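Read through the structure below, which is laid out as structure tokens, and then see the notes.
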Amino acid sequence: MPYRILAAPAPALALALALALSHLSAAAAPPPDTLDARLLACTGCHGDQGRATADGYYPRIAGKPAGYLANQLVNFRDGRRAVPAMTWMVEHLSDDYLREIAAHFASRHPPYPAPPPPAVSPEVLERGRRLVVAGDPSRELPACTACHGEALLGAQPAVPGLLGLPRDYLNAQFGGWLNGTRRAMAPDCMATIAKRLPPADIAAVTAWLAAQPVPPAARPAAALPARLPLDCGGLGR
């Protein structure tokens, strides 16, 4: 028995063709050429406006000093920070474009979420607080506030804030300075500090920092402190 091809009713066929053509037209249309559209690769990991996501690793980049963000993008591009996904995204971008990206996120100030409850004892938190606000002169350890500002929100033009960052991210950065996968322009003061901190102290510092709330109007300080505790030629880089 020969096969018969059943023709679709004319209205149904016309509708199917119209839908197919509309999909082809939409697929062929270029995306909007706006900075927000071009930075979807950034916000895919760093969250809407760079506010960070809840996965516990990717840091907030919104509101960080533009100089700091630009320096880090250059470091990823030039190999001083070893994060392959970041290097892949910026390795062909110019200094001017990296500065444009940095300025975009530096101008964003979405509210910070409430910090998660600390997963360490009060004694560990207190140890972390003392190291952050007072350091340890016996080991030539400066307070974090000496460079990152009394409010720990960073300083213009290129020192990052330490609050509002996931503890996993903070721990990973100390690890990067210790094993050399994160480097700054010499002299690298953060590498020096990291090597003076045993693991228990790093854990205490990051636990206390990650447990601090951030006020809604928080902004980086207008300038660096007049005197820095270490020779930090690469501070902010």
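Annotations
- Relative to the longest principal axis of the Cα atoms of the chain, helix 199-210 runs at roughly 60 degrees.
- Mean shadow area of the stretch 34-106 over all directions, Cα convex hull, nm²: 4.5
- The mean sequence distance of close C-alpha pairs (under 8 Å, at least 6 residues apart), as a share of the length of the chain, puts its relative contact order at 23 percent.
- Convex hull (Cα only) mean projected area of the stretch 122-210, reported in nm² to one decimal: 5.7
- Translational diffusion coefficient (Stokes-Einstein; Kirkwood radius from C-alpha pairs) of the chain at 25 °C, 0.890 mPa s, in µm²/s: 122
- Selection from 223, 177, 83, by position along the positive dipole direction of the chain (Cβ): 177
- Distance between the stretch 143-169 and the stretch 30-62 - C-alpha centres, whole angstrom: 21
- In a simple Cβ point-charge model (Lys, Arg +1; Asp, Glu -1; nothing else charged), the chain has a dipole of about 160 debye relative to its Cα centre.
- Rule-of-thumb Rg ratio for the stretch 39-168 [Cα; 2.2 N^0.38 Å; N residues]: 1.15
- 3J(HN,Hα) couplings calculated from phi for the stretch 154-166 with the Karplus curve 6.51 cos²θ - 1.76 cosθ + 1.60 (θ = phi - 60°) are, in sequence order, x, 8, 6, x, 8, 10, x, x, 10, 8, x, 9, x Hz; Gly and Pro show x.
- For the stretch 91-104, backbone phi angles converted through the Karplus equation (6.51, -1.76, 1.60; θ = phi - 60°) give residue-by-residue couplings of 5, 10, 8, 7, 4, 5, 5, 5, 5, 5, 4, 4, 5, 4 Hz, Gly and Pro being listed as x.
- Coupling constants for the stretch 115-123 follow from the phi torsions by the Karplus curve (6.51 cos²θ - 1.76 cosθ + 1.60, θ = phi - 60°), and in residue order they are x, x, x, x, 9, 10, 6, x, 5 Hz; glycine and proline get x.
- Taking 4.7 Å between beta carbons as the limit, the unpaired Cys residues of the chain are 42, 45, 144, 147.
- Ellipticity estimate at 222 nm from DSSP helix runs (n ≥ 4, -39,500 (n - 2.57)) divided over the chain, nearest 500: -14000 deg cm²/dmol
- Given +1 at the Cβ of Lys and Arg, -1 at the Cβ of Asp and Glu and no other charges, the dipole of the stretch 55-150 around its Cα centre is 120 debye to the nearest 20.
No lab work stands behind these numbers, since they all come straight from the coordinates. Fair warning: this is a prediction, and the values are worked out from it, not measured in the lab. All Cβ positions, glycine included, derive from the backbone under ideal geometry; neighbour counts span all protein chains shown.
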